Structure formats: C-alpha cells, structure tokens
Amino acid sequence: MQISSTCSRCGAQHTAEVPQSVNAAVSPELKERVRNGSLFTWNCPHCGTSNLLKLPFLYHDPTEKLMLVLTDAPVNADALPDGYTGRFVRSVGDLIEKLKIFDCGLDDLVIEMCKFVTAQELGKDVSLKFLKSDGADGEMTFTYPEKGQMELLAVGFNVYEDCAGILARNPQVRDAAKGLAEIDQAWLSRFFR
Ligand SMILES: [Zn+2]
C-alpha cells in the first residue's frame, strides 16, 4: 500500500510503499521490522526526523495462530479463524508490546493483570508496558514514563504465577477475551478494581 506522510518537523512530503499485512511464517525478516518498529517509521531526508506512519495493519503468525490488528476503526471480530488468538490494538507501541509478550510465550491477559497489581503496589497511576522476560527463574521487565523519562521496573516471575492463579479463579475474564479482543488496562478494569 502507498502511504503518504508529512514530516512532523519540516513538513516535507513522503510516500512509502508499506505492506498492509505481514505473515510471520512467510516473511520472518518483516516480522523483525515489526518487532523493532522500523516498518512503521521513516526518516525525513530533509531534516532527519524519525516519523511514525499511521496505517491500518495486520500481523499474522499462522504457526502461533496469532493475529494482531492495528486500526482505529471497529473490527468485525467474526473473521477470526478457529483456534486463533486475536488482538485488536490502537497504536504501534501496543502492537509491538503484544508481539513481545507472545514471543516470550506469555499470556497477555496475565501480563495485564501483572501491570494492574504492580501499579497498585507502586501506589502510582502509571502506564506500564511489558519489555521482556527472563523466563520462569528470572524477572519480567516493565517500562513506564515518569518526568519525561522511561523508567525500568523489574518484577519477579512469581507475580506472573500469582496473576495466572487469580485469572484461573475468575474464568469469566478469559471467556470475555475470546475472539478478536482489545486487551488492555481499561478492559481489565471491567473485572477488577
Ligand atoms: Zn523533515
């Protein structure tokens, strides 16, 4: 798809050919460009500013049976094939976060629960984002903005296990996440407060 974009700093026009969807099994190199965000950015040749492209986008991994849909518009959730996890995201940052969570073999519902309890423990109204996990013996790392900087926060993997337990005791949460769902803190707050 041809995307036209205007540089946020100098106003220069730019047209780029950007795939509207990436199939991770067919194009692993494009998956990497989704993961590092470079598929969604362009550098202005006039002033060097890095600009974010705004576009509807579908990420599809048939091996993992995962679909991530980036869009502003409402989505017809019936289109999801059987056995798939479908997630609906509003920003490139949210798309990359989901991809990192699923690449680590983690459950994004549990991660949202981890963010919820961690923010409560911090006693701050912060917007946490998953960065990485060192696996079951290690830690998870989250980021959050504070005073214009990105802070890193390490959380023990036991928090993940505790949160998985909370969700196991509240099966209505997982039931509500079936189909193509937008899973974030606002969604989770319908069940826990
Ligand atoms: Zn520019």
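The values are calculated or read from the model by the stated rules, or taken from the named source; none is laboratory data. Owing to the predicted nature of the structure, the values given are computational and were not obtained by experimental measurement. We place every Cβ from the backbone using ideal geometry, glycine too, and count neighbours over all the protein chains shown. What goes into the accessible areas is simple: the full protein's heavy atoms, side chains included, and nothing from ligands, DNA or RNA. Shrake-Rupley method; radii C 1.70, N 1.55, O 1.52, S 1.80 Å.
Tabulated results
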item: Residue-normalised accessible area of the chain, expressed per residue, 1.4 Å probe, Å²; result: 54
item: Cα centre as origin, Lys/Arg/Asp/Glu Cβ charges: region 106-193 dipole, Debye; result: 320
item: Kirkwood Rh, angstrom, region 78-180 [1 / mean 1/r, Cα pairs]; result: 14.7
item: Only Lys, Arg (+1) and Asp, Glu (-1) charged, at Cβ; the chain dipole about Cα centre in debye; result: 520
item: Ordering of 128-139, 91-102 by packing [mean C-beta count within 10 Å, highest first]; result: 91-102, 128-139
item: Alpha-carbon Debye profile of the chain, log10 I(q)/I(0) at 0.16 Å⁻¹; result: -1.12
item: Efficiency of FRET between ALA164 and ARG35 - r from beta-carbon atoms, R0 25 angstrom, step 0.05; result: 0.55
item: Under 5 Å, built H, 5+ apart or other chain: amide partners of LYS132; result: THR141
item: Rg/Rh ratio calculated on Cα atoms of region 51-95 (Kirkwood radius); result: 0.98
item: Span-rule helices in the chain, defined as complete DSSP H runs reaching 20 Å or more along the axis (Cα) with Kyte mean at least -1.0; result: 108-122
item: Solvent-accessible area, 1.4 Å probe, carbon plus sulfur percent, for the chain; result: 49
item: Region 138-177 shape via C-alpha gyration tensor axes, a/c threshold 1.5; result: oblate
item: Gain in span if fully extended, ILE3 to ARG193, counting 0.36 nm per residue against the direct Cα distance; result: 64.3 nm
item: Rounded Å value of the spacing that divides the Cα centres of region 100-167 and region 54-93; result: 22
